[in-house]
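Everything below concerns the one structure shown next.
Every number in this text was worked out from the coordinates using simple rules, so none of it is lab data. The structure displayed is predicted, hence computed values, not measured ones. Here the Cβ is made from the backbone with ideal geometry for all residues, glycine too, and neighbour counts use every protein chain on show.
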C-alpha cells in the first residue's frame with residue numbers, strides 16, 4: 001500500500017494507460033479521481049477498482065472545455081482540500097500528415113489536449129498540490145517529442161511543448177515540496193498506438209498494466225526525483 005491515504009487525480013482514466021495507472025494507484029491505497037470524457041467508460045474502471053476493494057470519484061470532463069477544469073478544481077478544493085498526486089495520461093494523436101497539410105481544427109485539438117489542457121490543469125490545481133505536504137505532478141510524454149519523424153508534426157510538437165513546459169514548472173518549484181516529473185512509458189498496446197500503427201504486431205507490445213511502476217514510484221510521498229524524464 002505505497003500510496004495509502006493519498007488523493008490522486010488521473011486524466012485519460014477511462015482507457016489505456018490512464019485506466020491502468022488509476023487502477024494501480026487504487027490498488028496501492030490511493031483515493032483516485034478519474035477524469036475522462038465518457039462516463040460509461042469511467043464507470044467500467046470504477047467497477048474494477050471497487051471490485052478490488054479500492055475507492056474512486058468519477059469526473060466526466062472534456063479537457064478542451066477549459067472552464068470545466070477550473071470548476072473541477074473548485075469542487076475538489078471543497079471536497080478534499082488538497083490533491084497529493086496529479087497524473088496526466090490523456091492524449092490525442094490527431095492523424096499523421098505532412099506539417100503543412102493538417103486541418104486547423106485537428107492541429108488545435110492535438111495541441112489543446114496534449115499541451116494546453118495540461119497548462120490549465122497546472123494553473124487550476126497548483127494550489128491543491130501545494131496544500132499537500134508531498135504533492136506530486138506526473139506528465140506522460142513520448143519519444144516522438146525528441147525525434148524528427150516525418151508526418152508526426154502535431155503530436156510530436158505538442159509533446160515537445162509539454163516536456164518544455166513541465167521542465168520549467170519543475171524548475172519553478174525546486175524550492176518547494178512539490179515534485180514534478182515526466183514519464184515516457186514507451187510503445188504500449190493502446191488505442192492511440194493502434195491508430196498510429198494499424199499493421200503493427202500487437203503481441204510484441206507492452207501492456208499498459210506493465211507500465212505503471214514508474215508512475216507509482218514518482219507518486220510516492222518519499223519520492224525525491226524532480227524535473228526528471230523517466231523512460
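Estimated from the Cβ-Cβ distance and a Förster radius of 22 angstrom, the FRET efficiency linking residue 131 and residue 65 is about 0.35.
Pairwise Cα separations in region 98-231 fall into 5 Å bins from 0 onward with the following percentages, short to long: 2, 10, 17, 20, 20, 14, 10, 5, 2, 0. Dividing the C-alpha radius of gyration of region 96-170 by 2.2 N^0.38 Å, with N its residue count, gives 1.26.
For the peptides 3-9, 90-96, 136-142, 187-193, the ranking by packing is 136-142, 3-9, 90-96, 187-193, with the highest mean count of neighbouring Cβ atoms within 10 Å listed first.
In degrees, nearest 10, range 0 to 90: what is the angle between the Cα axis of helix 153-172 and the longest Cα principal axis of the chain? Helix 153-172 and the main axis of the chain meet at about 30 degrees.
Of all DSSP beta bridges in the chain, what percent run antiparallel (nearest 5)?
Once the DSSP bridges in the chain are tallied, antiparallel ones form about 0 percent.
Axis of helix 16-27 versus longest Cα principal axis of the chain: the two differ by about 20°, to the nearest ten degrees. Note on residue 225 and residue 146: their simple-model spin labels are 1.2 nm apart, each label 7 Å out from Cα toward Cβ.
Between 218, 58, 86, the residue with the greatest mean-square fluctuation in the GNM of the chain (Cα pairs under 10 Å linked by springs) is 58. With only Cα atoms counted, the chain has Rg and Dmax values of 16.7, 50 Å.
Contact order for the chain, expressed relative to its length and based on alpha carbon pairs under 8 Å spaced 6+ residues apart, stands at 20 percent. When you count the other C-beta atoms within 10 angstrom of each residue and take the mean per peptide, 100-107, 148-155 line up highest first as 148-155, 100-107.
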